[in-house]
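Here's the structure, in C-alpha cells; my notes come after.
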Amino acid sequence: MRLFAALTLLLTSTLACTLNTLAQGGTAGSNAAAVEALLISNEKRTWELYKNKDVKGLAEFAAEDYYDIYPTGEVVDKKRYLADVLETEVKDYALSDFKVIMLNEASAIVVYRAKVHGVVGVREIKSEVAVTSGWARRGGKWLNVFYRENALELNGKRLL
C-alpha cells in the first residue's frame, strides 16, 4: 500500500510540474528538442522541394495565410509564392547556422544562413542570405507562416 501511495504521489508531482511548465508557455526539454529538429528538417525539406519545383509539396508546408517578403521588399502570399517557384531554378544551395527560437508550444522562429546559386527568369544570381522563417502548429501540423531573406552578399558583393 505504501508503494502505491508513493507512486501515486510521484506521478501526481511529475504531472503537476509538466502541466505547469506547459501552461507557462514552456515545453518539456526533450519535446522542445524534437520540435527544433523537426522545424530544421522542415526548412531543409522546403529547400529541396523548391529546388525540384515541387509546388504541391511546398503547398503542404505553407499555411493558407503564408506571408513572404522578397529581398526586394515585395510582399507575396502563398499563391504568388507557389507560382514564382516555377520561374526560379535553384542550381545549388548550402544551409548553415540554424537556430530555433520557441515562442510557445505552438509557434517558433527559425533563423539560419543560406548560400544560393540560381536563375530567376534569365538572371543568374549567387547570394548569401540570412533567413527568418516563422512556423505555427495548426491542426496538429507545423506550417510555415512567414519567410524573409535578408541579403548579406549578392553576386560576390558583400552587402553587410
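The values are calculated or read from the model by the stated rules, or taken from the named source; none is laboratory data. Nothing here was measured: the structure is a model prediction, and the numbers come from that model. Heads up, the Cβs are rebuilt from the backbone with ideal geometry, glycines too, and the neighbour counts pull from every protein chain shown.
For ARG80, indicate whether it is surrounded by fewer than 16 Cβ atoms within 10 Å (Cβ to Cβ) and at pLDDT below 95. Let's see the steps before the verdict.
Numbers: surrounded by fewer than 16 Cβ atoms within 10 Å (Cβ to Cβ): yes; at pLDDT below 95: no.
Spelling it out, it is not the case that ARG80 is surrounded by fewer than 16 Cβ atoms within 10 Å (Cβ to Cβ) and at pLDDT below 95.
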For the stretch 26-69, name all the residues that are surrounded by 15 or more Cβ atoms within 10 Å (Cβ to Cβ) and at pLDDT below 95. GLY26, THR27, ASN31, ALA32
Kindly state which strands (runs of 3 or more DSSP E) lie completely within the stretch 62-160 and contain at least 1 residues that are aliphatic (A, V, I, L, M) and closer than 18 Å to ARG45 by Cβ. 62-69, 88-104, 107-120, 123-138, 141-154
Determine, yes or no, whether GLU153 is surrounded by fewer than 16 Cβ atoms within 10 Å (Cβ to Cβ), over 22 Å from LYS78 (Cα atoms) and among the acidic types (Asp, Glu). yes
